[in-house]
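Let me begin by presenting the structure, written as structure tokens, before commenting on it.
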Amino acid sequence: MTAQLIDGNALSQQVRAEVAQRAAALTAKGVKPGLAVVLVGDNPASQVYVRNKVKACADAGLHSVLEKYDASMSEAELLARVEALNNDPSIHGILVQLPLPKHIDDHKVIEAISPEKDVDGFHIASAGALMVGEQGFKACTPYGCMKMLEAIGMKDLRGKHAVVIGRSNIVGKPMAMMLLQANATVTVCHSGTADLAFHTRQADIVVAAVGKRNVLTAEMVKPGAVVIDVGMNRNDEGKLCGDVDFDGVKEVAGWITPVPGGVGPMTITMLLVNTIESAERATAEAV
Ligand SMILES: Nc1nc(=O)c2c([nH]1)NC[C@@H]1CN(c3ccc(C(=O)N[C@@H](CCC(=O)O)C(=O)O)cc3)C=[N+]21
């Protein structure tokens, strides 16, 4: 193994300790930072993720409320709940866990969340703020990837070529924008790209965010490159694995993130960062 590991659990611990300090400072002022997590239906994976988020809040001294609803909940009922949380001063962040049941339009629900409380960074106002470099909440997964780059001394990416594989609204597109904001030269590859390896071989940084195993293999990576794996897949034995062929790529890359223990925990960490940020903004405005 030549690559060094970027340990998402270790970095999360550091960042969450900073969040805990900020939470304690706000609490001392009489403001308990609060996150509302809304879960509709009984998707087993969602149950686990949501529990992890609630636990992460408790560990960092944030208040959280978990609202669980039956899959039969109507769209109107969910929209009414979101509106109530928008107007609840004890709540600084609202997260509606995706995916939602098919009869609910997730786009409509996300747009109903007040941008001031959109700690997922999924609202159009948040995406737009990122696009034009204004203040808004950054999507947690790409934000976590940027934090990982910063942790290995890559905050300013001037002169670096970053290749993002995937163009989802939740990861690929905001990832490309954040890399651009950090002065990288950015290429976005996707299912319509003719020769993926041609692009990835030139990359100083590769971010794989496709949702398919072995999208990135050793011969596609420039020696010494930084490889960030956003994928969350199961292999044939049911084990969690990313989009990157970790065992092959780790022999070539300079840095690599593992799955599990990489981007996943950082996603939750940045949710906490956004929530504390939101609570601090709300408190500053109230003074
Ligand atoms: N509104 C909304 N916001 C989200 O941020 C959101 C969502 N909906 N729906 C589902 C996805 C998925 N997601 C994960 C976060 C952390 C881990 C994580 O911590 N994973 C651990 C392993 C967990 C395990 O062992 O299964 C790791 O990578 O080490 C995984 C997945 C957030 N999501």
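Across the range 81-106, what is the total count of residues that are assigned to a helix (DSSP H, G or I) and within 18 Å of the chain's Cα centre (by Cα)? So the answer is 1. Residues in the range 125-151 that are charged (D, E, K, R) and buried (at least 18 other Cβ atoms within 10 Å of the Cβ): K138, K147.
Would you confirm whether any residue within the range 1-13 is in a loop (DSSP other than H, G, I, E, B) and modelled with pLDDT under 95? The answer is yes, given that some residue of the range 1-13 is in a loop (DSSP other than H, G, I, E, B) and modelled with pLDDT under 95. Checked against the criterion of being farther than 30 Å from V221 by Cα and open to solvent by 40 Å² or more (accessible area, probe 1.4 Å), the candidates H103, H92 yield just one match: H103.
A single member of L35, L26, L78 is aliphatic (A, V, I, L, M), under 20 Å from the mean Cα position of the chain (by Cα), at pLDDT 95 or above and crowded, with 18+ Cβ neighbours inside 10 Å, and it is L35. Is it the case, given these coordinates, that L62 is within 13 Å of the ligand (Cβ to nearest atom), in the same structural domain as H103 (by TED's automatic domain parsing) and either surrounded by 18 or more Cβ atoms within 10 Å (Cβ to Cβ) or modelled with pLDDT of 95 or more (or both)? So L62 does not fit the description; no. Reported count of residues in the range 11-59, each being closer than 23 Å to A151 by Cβ, within 12 Å of the ligand (Cβ to nearest atom) and of a type in the set (G, A, S), is 2. If I ask for residues that are of a type outside the set (K, R), touching a strand residue (DSSP E or B) at 6+ places or on another chain (Cβ under 8 Å) and under 18 Å from I6 (Cβ atoms), which ones from the range 143-165 would you list? C145, M148, L149, I152, M154, L157, A162, V163, V164, I165 - these are the residues of the range 143-165 that are of a type outside the set (K, R), touching a strand residue (DSSP E or B) at 6+ places or on another chain (Cβ under 8 Å) and under 18 Å from I6 (Cβ atoms).
When Y69, Y49 are screened for being without any contact (Cβ under 8 Å) to a residue 60 or more places away in the chain, among the aromatic types (F, W, Y) and either within 30 Å of G261 (Cβ to Cβ) or surrounded by 17 or more Cβ atoms within 10 Å (Cβ to Cβ) (or both), only Y49 passes.
Listed by first and then second residue, the pairs linking a residue in the range 93-119 that is within 13 Å of L271 (Cβ to Cβ) and at pLDDT 95 or above to a residue that is open to solvent by less than 20 Å² (accessible area, probe 1.4 Å) and more than 13 Å from the ligand (Cβ to nearest atom), with Cβ atoms under 7 Å apart and 6 or more places separating them unless they lie on different chains, are G93/S278; I94/L85; K117/I91; K117/H92; K117/S278; V119/S278. Inspection of the range 38-59 identifies no residue that is in a loop (DSSP other than H, G, I, E, B) and closer than 20 Å to A17 by Cα. Would you be able to say whether some residue in the range 195-214 is touching a helix residue (DSSP H, G or I) at 6+ places or on another chain (Cβ under 8 Å), closer than 30 Å to A25 by Cβ, more than 13 Å from the ligand (Cβ to nearest atom) and at pLDDT 95 or above? Looking through the range 195-214, none of the residues is touching a helix residue (DSSP H, G or I) at 6+ places or on another chain (Cβ under 8 Å), closer than 30 Å to A25 by Cβ, more than 13 Å from the ligand (Cβ to nearest atom) and at pLDDT 95 or above.
The values are calculated or read from the model by the stated rules, or taken from the named source; none is laboratory data. On a predicted model such as this, the values are computed, not experimentally measured, just so you know. When we count neighbours, we look across all protein chains shown, and the Cβ atoms used for this are built from the backbone with ideal geometry, even at glycine. With ligands, DNA and RNA removed, areas are computed over all heavy atoms of the protein, side chains included. Shrake-Rupley method; radii C 1.70, N 1.55, O 1.52, S 1.80 Å.
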